[in-house]
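To start, the structure under review is shown below, and the notes come after it.
The values are calculated or read from the model by the stated rules, or taken from the named source; none is laboratory data. This is a predicted model, so every value here is computed, not measured. Neighbour counts are summed over all protein chains in view; Cβ atoms, including those assigned to glycine, are modelled from backbone coordinates with ideal geometry. Note: accessible area is taken over every heavy atom of the protein model, side chains too, but ligands, DNA and RNA are not part of it. Shrake-Rupley method; radii C 1.70, N 1.55, O 1.52, S 1.80 Å.
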Amino acid sequence: MLQKPESGALPIPQAEGKDGGRDGETQALTASQEEAPSPLLQESSKEDLGAGREEGAAEPALTPKGARTLAAKALARRRAYRRLDRTVAELVQFLLVKDKKKSPITRSEMVKYVIGDLKDLFPEIIARAAEHLRYVFGFELKQLGRKHHTYILINKLKPLEEEEEEEDLGGDGPRLGLLIMILGLIYMKGNSARETQVWEMLRRLGMRPSKYHFLFGYPKRLILEDFVQQRYLNYRQVPHTNPPECEFSWGPRSNLEISKMKVLGFVAKLHKKEPHHWPVQYREALADEADRARAKARAEASMRARARANQRAGIHPW
């Protein structure tokens, strides 16, 4: 996967080549399911990825010229990673558009129209794009043949295996995936997220909030009108902010239909970690699970009591 460079150059992927019958692209697609964390829920840009100093090592004194050189290299690294992130997002959109025609997508097309001079990083880019497609949009990227490097998208994976929630959203897996992404962002931000944070997350997914997207229409309108009006999201102005700022939180329908543990599990999959990696959110999700279990037990007990009362009164359900 992505290697941290020692200089300002672009990161170097693992060497391609056959390993047990699989080439570099196939290995990258497989490794994306196990290793690479997703940056989708991160708020800030990537941290400085320079070579770290060993603990206890003396920090050398920098001359003004050396400090400027170091700052320039750090800036170059950040720009390189931002470009890589942007290329991954563009490739995801390209693959989704091409899939509309249901024709295989070739590596040469991806390189020609999206990846360009980053073709040496193709295994890393395709692996990250596959991860975005799988977790966010519910598509699996499959390589048909290594000889001609052709791929197809299979619409068989769902962000969450909750049929009831998908039916409520019109049977639309991608819309459910987008909603779960927003709910996950809100949950990880302490149960509320500023509007600007949500729009920034959309941009990292390759969407512009006010620009038409072939899967979601206008994302900003979908969120502010559909998700808010259907009570999946609450939207309110933050008090005492100048200029005024607004924030999102979970709506009553989300609290009823979607468990926090499932959303935390979704976030954990994106970051290749276990849910208990976030102890505060994990404890809250456990408490939510306990509340749901108690509410379900009370409802079942009430139903049994009514059934017994009806039986004693000679009232039959049929």
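Summary of computed values
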read-out: Residue within the range 66-76 that is buried (at least 18 other Cβ atoms within 10 Å of the Cβ) and either on the phi > 0 side of the Ramachandran plot or touching a residue at least 60 places away in the same chain (Cβ under 8 Å) (or both) present; value: no
read-out: In the range 125-153, the residues that are open to solvent by 10 Å² or more (accessible area, probe 1.4 Å) and charged (D, E, K, R); value: 128, 134, 140, 142, 146, 147
read-out: The lone exception for residue 248 - which of (1) within 30 Å of residue 91 (Cα to Cα); (2) modelled with pLDDT under 90 it fails; value: (2)
read-out: Among residues of the range 90-115, those that are part of a helix (DSSP H, G or I), in contact (Cβ under 8 Å) with a residue 24 or more places away in the chain and either open to solvent by 10 Å² or more (accessible area, probe 1.4 Å) or touching a strand residue (DSSP E or B) at 6+ places or on another chain (Cβ under 8 Å) (or both), counted; value: 9
